[in-house]
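Everything on this sheet refers to the single structure shown next.
The values are calculated or read from the model by the stated rules, or taken from the named source; none is laboratory data. In this text the structure is predicted, and so the values were computed from the model without any measurement. All Cβ positions, glycine included, derive from the backbone under ideal geometry; neighbour counts span all protein chains shown.
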Ligand SMILES: [Zn+2]
């Protein structure tokens, strides 16, 4: 499984030959293995002419014979010419895609580490708390707190119900409430200690209202700010259910982050400072090595031209290169060449699904200066 150190190693790697980077979403159980393999072959077709045939063959071999189809996603990097091969099974969902560049295309993985790297799910009720620390969708550590039993205190002499209906809260239910509140405060303290030790980036609270809200209130402010959502669950909910429900919340947070990134690009571009939109302007910024974060719609492709001499990419036909006077060759996909250029220059690439603005303009970027 994938670890943070793997990301650092991948980020530092640079090859003299093109590296084939492949991401495949494999779950959960939406399609058969053969359907995934078919989707993979379709994707690899897009890399024909860019990727080395031996890398394509290595990837197909991996999915045919080695991969056990566990997890929710797979990331594979191959540069057979340099003997470079890495494959990671991921317990979190990833968008499928193929990229060819002299550096591994790591941004989807970096995004996964940000989004799913380390999060704590706290299952809470009026007596106890279960703490489940996940890393990249896998359970890492679990702990718990069990408080005093919130039992039904005897309601007066030989009575069987009815006591609570007489105006005001009966003493018995007030005592129950006190025990529950103390348990919740203790559970919050146990959570704080756990967080000091394990330092999760995010918190999700699971349980029933109003206990969830009371527990949240009992947390220190710094931890409250890390709470990204809650869902209702039983104290004995099985771990796969807790994992799935929390992944839904994390996915929503990730979508919101991407939407905010797109907004930032358009705002910067509108101000004419720190941002560009549209392919022509984005290609110009890329040529100057100014792209910090490229935002591109999934499946955006445009034919274009590339200077034989200085590698300038454009979507306009020009007789000679405005930068060096060199000659142009036609390339099948200027958008793909742009992604490669940004990756090789050390910029981030974020592929965005279903955002109306990016769908309209195709690409945009935040600039370094
Ligand atoms: Zn040129």
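At a glance:
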quantity: Residue under evaluation residue 37, criteria (1) within 25 Å of residue 353 (Cα to Cα); (2) touching a strand residue (DSSP E or B) at 6+ places or on another chain (Cβ under 8 Å); (3) without any contact (Cβ under 8 Å) to a residue 40 or more places away in the chain, criterion not met; calculated: (2)
quantity: Sole exception among (1) crowded, with 17+ Cβ neighbours inside 10 Å; (2) in contact with a helix residue (DSSP H, G or I) (Cβ under 8 Å, 6 or more places away or on another chain); (3) at pLDDT 90 or above for residue 93, by number; calculated: (3)
quantity: Matching helices (runs of 4 or more DSSP H) fully within region 206-281 where at least 3 residues are surrounded by fewer than 15 Cβ atoms within 10 Å (Cβ to Cβ); calculated: 221-224, 239-271
quantity: Any hit, region 333-353, residues being within 16 Å of the ligand (Cβ to nearest atom) and free of Cβ contacts under 8 Å to residues at least 40 places away in the same chain; calculated: yes
quantity: Any hit, region 264-282, residues being closer than 26 Å to residue 15 by Cα and modelled with pLDDT of 95 or more; calculated: yes
quantity: Enumeration of residues in region 187-209 that are closer than 18 Å to residue 149 by Cα and out of contact with any helix residue (DSSP H, G or I) (no Cβ under 9 Å at 6 or more places or on another chain); calculated: 190, 208
quantity: Meets criteria (under 25 Å from residue 98 (Cβ atoms), within 16 Å of the ligand (Cβ to nearest atom) and in contact with a strand residue (DSSP E or B) (Cβ under 9 Å, 6 or more places away or on another chain)) for residue 320; calculated: no
quantity: Flag if residue 360 is part of a helix (DSSP H, G or I), exposed (fewer than 13 other Cβ atoms within 10 Å of the Cβ) and either more than 11 Å from the ligand (Cβ to nearest atom) or in the same structural domain as residue 104 (by TED's automatic domain parsing) (or both); calculated: yes
quantity: Selection within region 288-309 - within 16 Å of the ligand (Cβ to nearest atom) and touching a residue at least 40 places away in the same chain (Cβ under 8 Å); calculated: 289
quantity: Residue, farthest from the chain's Cα centre (by Cα), within region 99-112, restricted to residues that are buried (at least 21 other Cβ atoms within 10 Å of the Cβ) and in a loop (DSSP other than H, G, I, E, B); calculated: 103
quantity: Residue match in region 317-326 (condition: in contact (Cβ under 8 Å) with a residue 24 or more places away in the chain, over 24 Å from the mean Cα position of the chain (by Cα) and exposed (fewer than 13 other Cβ atoms within 10 Å of the Cβ)); calculated: no
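Residues checked against (1) free of Cβ contacts under 8 Å to residues at least 40 places away in the same chain; (2) within 25 Å of the chain's Cα centre (by Cα):
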position: 48; (1), (2): yes, no
position: 69; (1), (2): no, yes
position: 81; (1), (2): no, no
position: 97; (1), (2): no, yes
